[in-house]
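Take a look at the structure set out below.
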Amino acid sequence: MNPHNLSIEELKQTAAQVRRDIVRMVHAVNSGHPGGSLGCTDYFVSLYFRMMNYSTDFTMDGQGEDLFFLSNGHISPVWYSTLARAGFFDIKELATFRKLNSRLQGHPTTHEGLPGVRISSGSLGQGLSAALGAAQTKKLNKDKSLVYVLMGDGELEEGQIWEAAMYAAHHKVDNIIATVDRNGQQIDGSTEEVMSLGDLAAKFRAFGWHVLEADGNNFELLLPALEHAKAATGNGKPVIILMDTEMGYGVDFMMGSHKWHGVAPNDEQLEIALQQLAVESASDY
Amino acid sequence: MKEYTYTEKKDTRSGFGDGLLELGRKNPNVVGLCADLIGSLKMGAFQKEFPERFFQVGIAEANMIGLAAGMTIGGKIPFTGTFANFSTGRVYDQIRQSVAYSGKNVKICASHAGLTLGEDGATHQILEDIGMMKMLPGMTVINPCDYNQTKAATLAIAEHEGPVYLRFGRPVVPIFTPADQKFEIGKAVMLNEGTDVSIFATGHLVWKAILAGKLLADKGISAEIINIHTIKPLDTEAVLKSVAKTGCVVSAEEHNRLGGLGDSIAQALATTQPAPQEYVAVNDTFGESGTPEELMEKYGLTENDIVAAVERVISRKK
């Protein structure tokens, strides 16, 4: 059971609040990654406020709960905000992001014991392997819940992803729903300029995965896609969603470019961003 | 010099394989992963008896480390198996982030360490693995000396919560430690009490140190010989106590002299009670093809090299 189970209208309000947190967090320390965080906000909010079955009384083992892994750890702001808003820790702690002695490290880690995080990520390409391992342990434990993992599209340039992709199909790890944030951008430019990813659907199909596509910035389309993915589990194949998102979604001057991958807004830009991310009753941390 | 005898020689990797099988029977949470080297790692018996708890990963070591880290979530105790080179250097960042920094209960089990891998040559003969692994915060590093000790270590690390690097080898070597000796992580084993020099050895060099002890006794030199099976955490107390008595040190290991057991001992001594030290180790070079015996001879890792190092270090004592 999802502890929130929000309506689409409530999800939209929550997403706007999470986006406000993201731009305020990166602005406060003049560092961090707003672009991918904003693009993936609707996905995170969908998982934690509607789709996933979990308890905010966090345990590392998560027996009987759906688990989430973030492989592209640099979009930590969206995850931290979502976890806090979902009830894993106090939203006031978001103010410690990237500061000394914080549990909210630049990239997510278990090292300081932040509730909700089960493995460190940041060095790219490792999260799919860890998620597959956790999924196989669920099978050994006769635990029917699911494992979700998010990867960046640029991250697919790492070879380990394809080692894991091959393994997942061979071992029929069908209790996992992987998602690729297909925003088409990476630090040095568009993915097609830097290292063309080509036909990802065909690639994952050739590796033996059940491939779905989704619009990651439209709840009316994203929620049915996530339900479809859930229904596709348990059929002998790993499931992957190629999710189109717009980097910087919700803040017009951050959209459509790789330039806001890892750059924080200045004071003036923050004000404009917050105006664009209006919420009926904002409860900023 | 205390008498050490043996009736049988066996490879330390078989100690690992037999230990893993026993663990499988004792602990249902133990799972095995291997990157296409089941025969070399002696994991076949475990795979046969517990197929549902064994995962063939193929030639994909990075994925294997990540899988193992993930499998700990939900309470499994993964034992990964491949050659020492592919267990460490090839996957250093995966171990660093997904295992060590994440504090995961993964046992990285590495065979064919060092020169004694033999004919395959330097591409496979890793001599830097102890250094790489001991630099990772929270990592325990163990290099047992014979079949019995490797089996005992395999059983012991399952009881230890946290990441472990277990290093063993390919060649058959004398079995001289008692089959019933309990393995205590981080506790040095006194093999011979002596007064003139402390010889600290690890892995295959422990037996060579015993052979050297006999040669030294014939020369009238009383060597204290200590088996350091756990390089990290180092049994600093045992090191300091012995050197306080003997006043000089020889370290012996099948590893680069940079970053191995010798450096750990030197650091422990330098910060408390400095003493002359000589290294028996590979002198910052790669190996090459040859038989294990030829390689140990060429790269200076025999009992005679230990004797020569002892004579040098004793002459440096004030």
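The values are calculated or read from the model by the stated rules, or taken from the named source; none is laboratory data. Worth saying up front: this structure is predicted, and the values here are computed from it rather than measured. Positions of Cβ are generated from backbone atoms using ideal geometry, with glycine treated the same way; all protein chains shown enter the neighbour counts. Accessible surface is based on the protein model in full, side chains and every heavy atom, while ligands, DNA and RNA are left aside. Shrake-Rupley method; radii C 1.70, N 1.55, O 1.52, S 1.80 Å.
Does segment A:106-123 hold any residues that are surrounded by fewer than 24 Cβ atoms within 10 Å (Cβ to Cβ) and facing chain B (nearest Cβ under 10 Å), and which are they?
A:107, A:109, A:110, A:111, A:113, A:122, A:123
For beta carbons closer than 7 Å, sequence separation of 6+ or different chains, a first residue in segment A:167-178 that is in contact (Cβ under 8 Å) with a residue 60 or more places away in the chain and a second that is crowded, with 24+ Cβ neighbours inside 10 Å and in a loop (DSSP other than H, G, I, E, B), the qualifying pairs are A:168/A:238; A:169/A:238; A:173/A:238; A:174/A:238; A:176/A:238; A:178/A:238.
Considering A:140, A:197, A:114, the condition of being of a type in the set (A, V, I, L, M, F, W, C) and more than 27 Å from residue A:61 (Cα to Cα) is satisfied by A:197 alone. Just one of (1) assigned to a loop (DSSP other than H, G, I, E, B); (2) open to solvent by 10 Å² or more (accessible area, probe 1.4 Å) fails for residue A:95. It is (1).
Within segment A:207-219, residues that are of a type in the set (S, T, N, Q) reach partners that are open to solvent by 20 Å² or more (accessible area, probe 1.4 Å) with beta carbons closer than 8 Å, at six or more positions or on different chains, in the pairs A:217/A:244; A:217/A:246; A:217/A:249.
With respect to the conditions (1) under 21 Å from residue B:13 (Cα atoms); (2) among the β-branched types (Val, Ile, Thr); (3) part of a loop (DSSP other than H, G, I, E, B), residue B:73 falls short on a single one, namely (1). Entry remark, segment A:10-64: residues being aromatic (Phe, Trp, Tyr) and part of a loop (DSSP other than H, G, I, E, B) number 2 in total.
Entry remark, segment A:124-159: residues being small (Gly, Ala, Ser), assigned to a loop (DSSP other than H, G, I, E, B) and within 9 Å of chain B (Cβ to nearest Cβ) number 1 in total. Residues that are in contact (Cβ under 8 Å) with a residue 40 or more places away in the chain, open to solvent by less than 40 Å² (accessible area, probe 1.4 Å) and on the phi < 0 side of the Ramachandran plot within segment A:124-134 comprise A:126, A:127, A:128, A:130, A:131, A:132, A:134, listed in sequence order. So which residues in segment A:65-86 are assigned to a helix (DSSP H, G or I) and either within 13 Å of another protein chain (Cβ to nearest Cβ) or open to solvent by 10 Å² or more (accessible area, probe 1.4 Å) (or both)? A:73, A:74, A:85, listed by residue number. Here B:43, B:64 are screened, and the one residue that is within 21 Å of residue A:170 (Cα to Cα), at pLDDT 95 or above and more than 9 Å from chain A (Cβ to nearest Cβ) is B:43. In this structure, residue B:293 does satisfy being open to solvent by 10 Å² or more (accessible area, probe 1.4 Å), of a type in the set (D, E, K, R) and out of contact with any strand residue (DSSP E or B) (no Cβ under 6 Å at 6 or more places or on another chain).
The condition (being under 23 Å from the mean Cα position of the chain (by Cα) and within 11 Å of chain A (Cβ to nearest Cβ)) is satisfied by just one residue among B:84, B:69: B:69. Kindly indicate which of B:18, B:11 is among the charged types (D, E, K, R), away from every other protein chain (no Cβ under 13 Å) and buried (at least 21 other Cβ atoms within 10 Å of the Cβ). Result: B:11 is the single residue among B:18, B:11 that is among the charged types (D, E, K, R), away from every other protein chain (no Cβ under 13 Å) and buried (at least 21 other Cβ atoms within 10 Å of the Cβ). Which condition does residue B:50 not pass, out of (1) more than 10 Å from chain A (Cβ to nearest Cβ); (2) in contact (Cβ under 8 Å) with a residue 60 or more places away in the chain, if it passes all the others? Condition not satisfied by residue B:50: (2). Scanning segment A:160-181 for residues that are more than 8 Å from every other protein chain (Cβ to nearest Cβ) and within 15 Å of residue A:71 (Cα to Cα) yields A:161, A:162, A:165, A:176, A:177, A:178, A:179, A:180, A:181.
The number of residues in segment B:233-262 that are part of a helix (DSSP H, G or I), farther than 19 Å from residue B:165 by Cα and under 14 Å from the mean Cα position of the chain (by Cα) comes to 0.
Taking segment B:98-112 as the range and being within 13 Å of another protein chain (Cβ to nearest Cβ), polar (S, T, N, Q) and crowded, with 24+ Cβ neighbours inside 10 Å as the test, the residues that pass are B:98, B:102.
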